[in-house]
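To keep things clear, I will list the structure first and then write my remarks on it.
What follows is calculated from the coordinates using simple rules that are stated; it is not laboratory data. These numbers were taken from a predicted model, which means no experiment stands behind them. Don't worry about glycine lacking a Cβ; one is built from the backbone with ideal geometry, like all the others, and counts go over all protein chains shown.
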């Protein structure tokens, strides 16, 4: 009976794992669908004008910023939405725009009010470098994609959907692990 | 005592029932898990479509929608169609993307734009016959669309992003539609954007999900079947071992009782010789002692022959010797044996025996043992002041004997065990002496002669035994 119970537990675990993987894949596909639908709203020629932090004051950045927030507001589960461009260095990207970054917002803020500015509270700005070994970003330069597993960086653990904007930009959309597990 | 064959059969049935139960349980769990996963997948699919349409809605400028709807503005129509095409082309399985608004008729919507609205004839003419059939025509601004069959479109879609509740399947594919409101600057919904998505991959995914569940069920059933076979085999081996032990015990009992029978008989004869004075006159004290010893010897002899009968029944070696039996003298002798016992115990013994009965072909010893056993039990288990009835009749070539008492009765829960070897009812076990062989042997003796024995009993009120024996 012990062996039987053990076998059932193992099978149950495998089936549950399989089910969770399928559901995670579904979430990845959903993020990819949002990214691909949203990507058509951004023009590479607009993004070309955004190179440095001071460009965040340009009307084109404000338009992109508003559009990103509108997309996020339409999809409440989205945590982060941003546009990256590759650099000359391997695995180094550059922020072009972010739904949480603007010239009038603090670069670092004590969000959890613990008196310390932690890395997770650090804000981004146009031109800020971002190191990532996430292969989906590279794929996302050419075609829509999503991360097969959780990605971890200083801002948290997420599943990411990406889609190309033109041929030199990637639109990234993240869902936090808490939302995925929900 | 228990019947090993019956017990083995019962356990096989129990094992099969447990196996069946396991299979049903495993199948139910797997089915519930599968349905649960299928529902989750459907929910995820619906969420995905809502996400696409919600994101697409942010792409549409409400002013363009108003211009097309109210002024038929061609530039705005071009912009909308271009945006709808971008949305459609960006998503692999998206077949149609369109914008509609409400009309005065709550069951009719009106098209504002469709991704195919401005497509040239050669693109729309899917069967290449040079003519645009109704089903090939692209919706144009102002075209009506009846929504009686689309409950989501009737209301819900104009308030918040919505999706069809169920998949829609036609001969080409499985689809699902999703809608999101397009709002003006004041936040009022002025139109909806709709997308129709083919979700054939959903069915494939569902089937893919079903595979591990099926494997789970099959593996579990195999595992349980193997285990059940193993258990049944183990049980059969045990039953066989118990059967062999039982047979050896009966054999031993038979040998022991055979070996005991001769010396006990010898003791009885020597005591008889002593009592008869063959070895010289005895004084009164000696005679009393010899009489007591003869009584003990008789009891011993009865017990040994009873054990011998039990082992004969167990080993299937019971030998019935039918001979002419004068029932008149037969019952006379039995009554003569029981009467003193009843008188001594102050039990009223009522006999209802025909005056003249025919000769019967019966085994004298076994028949005597059966009837005498039933009558002496009746007297033994009936308290002083009670009654014992003995009714005998001859009918249809059978001898019917009914022995009824007003004794302690047999508890209902134990009635099916009362003919078992060495079984004694719980209410008699500690109150009255006995060995539990009597009814076992009586049943064996009656059935070996082609007869039947049964009883009716009520605890505290009494018991009636019925015996039927064929006369020939």
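In terms of packing, defined here as the mean over residues of other Cβ atoms within 10 angstrom, the peptides B:311-320, B:360-369 line up highest first as B:360-369, B:311-320.
Can you tell me the FRET efficiency between residue B:291 and residue B:241 if r is taken as the Cβ-Cβ distance and R0 is 51 Å, rounded to the nearest 0.05? Mind showing how you got there, number by number?
Values: r = 49 Å, r/R0 = 0.95.
That pair, residue B:291 with residue B:241, gives E of 0.55.
Legend: Rg and Dmax of the protein assembly as shown, from Cα coordinates, 48.8, 149 Å.
Residue separation of residue B:27 and residue B:186 scaled by 0.36 nm, minus their Cα-Cα distance, works out to 51.8 nm of gained length. The separation of region B:226-304 from region A:17-75, counted between C-alpha centres, amounts to 99 Å.
With the simple spin-label model, which puts each label point 7 Å out from Cα in the Cβ direction, the residue A:48 to residue B:226 separation comes to 6.7 nm. In region B:261-315, the inverse of the mean reciprocal separation of distinct Cα atoms equals 12.2 Å; this is its Kirkwood hydrodynamic radius.
The antiparallel fraction among DSSP beta bridges confined to the protein assembly as shown stands at about 95%. Seen against the Cα atoms of chain B and their longest principal axis, helix B:62-71 is set at about 70 degrees. Against the empirical 2.2 N^0.38 Å (N residues), chain B has a Cα radius of gyration ratio of 2.09.
Across the residues of A:37-48, average count of Cβ atoms on other protein chains within 10 Å?
4
Residues of B:324-335, mean number of Cβ from any other protein chain within 10 Å of their own Cβ, rounded to a whole number?
Numbers: counts 0, 0, 0, 0, 0, 0, 0, 0, 0, 0, 0, 0.
What the average comes to for B:324-335 is 0.
Here the spin labels are modelled as points 7 Å beyond Cα on the Cα-Cβ line, and at residue B:203 and residue B:61 they lie 4.2 nm apart.
Per residue, the average separation of C-alpha pairs within less than 8 Å and at least 6 apart gives region B:58-198 a relative contact order of 24 percent.
Compared with the dominant Cα axis of chain B, that is its longest principal axis, helix B:284-315 is turned about 40°. Seen against the Cα atoms of chain B and their longest principal axis, helix B:327-345 is set at about 90 degrees. Using the Stokes-Einstein relation with a Kirkwood hydrodynamic radius computed over Cα pairs, the translational diffusion coefficient of region B:226-363 at 10 °C and a viscosity of 1.306 mPa s comes to 80 µm²/s. So what is the calculated 222 nm ellipticity per residue for chain B, using -39500 (n - 2.57) for each DSSP H run with n of 4 or more, over all residues, to the nearest 500 deg cm²/dmol? Computed ellipticity for chain B at 222 nm equals -18500 deg cm²/dmol. Packing, as the average of other Cβ atoms within 10 Å across residues, places the peptides A:64-74, B:387-397 in the order A:64-74, B:387-397, highest first. Using only Cα coordinates, the Kirkwood hydrodynamic radius of region B:323-470 works out to 15.5 Å.
Along the Cα-to-Cβ line of residue B:412, 7 Å from the Cα, sits a label point; which residues in region B:456-472 have backbone N less than 12 Å from it? Counting backbone N atoms under 12 Å from the label point, the list is B:457-459. Across region A:26-93 the C-alpha pair distances fall into 10 Å bins from zero in the proportions 17, 46, 33, 4 percent. Rg over Rh for region A:2-181 works out to 1.06, using Cα positions for both radii and the Kirkwood form for Rh.
If one computes P(r) from the Cα atoms of region B:228-274, what percent of pairs lie at distances over 14 Å?
Working: 737 of 1081 pairs.
Result for the distance tail: 68 percent.
Label sites at residue B:140 and residue A:143, each approximated as a point 7 angstrom past Cα along Cα to Cβ, lie 3.9 nm apart. Counting every pair of alpha carbons in region B:364-413, the share spaced more than 18 Å apart comes to 41 percent. Peptide B:223-232 shows a mean partner chain C-beta count of 1 within 10 Å per residue C-beta. DSSP beta bridges fully contained in chain B are about 90 percent antiparallel. Take the Cβ atoms of residue B:108 and residue A:76, set R0 to 30 Å, and the FRET efficiency comes out at 0.40. A Gaussian network model of chain A, with springs between Cα atoms under 10 Å, assigns the largest mean-square fluctuation among A:32, A:128, A:56 to A:128. Computed over region B:323-470, relative contact order equals 24 percent, with contacts defined as Cα pairs under 8 Å that lie 6+ residues apart.
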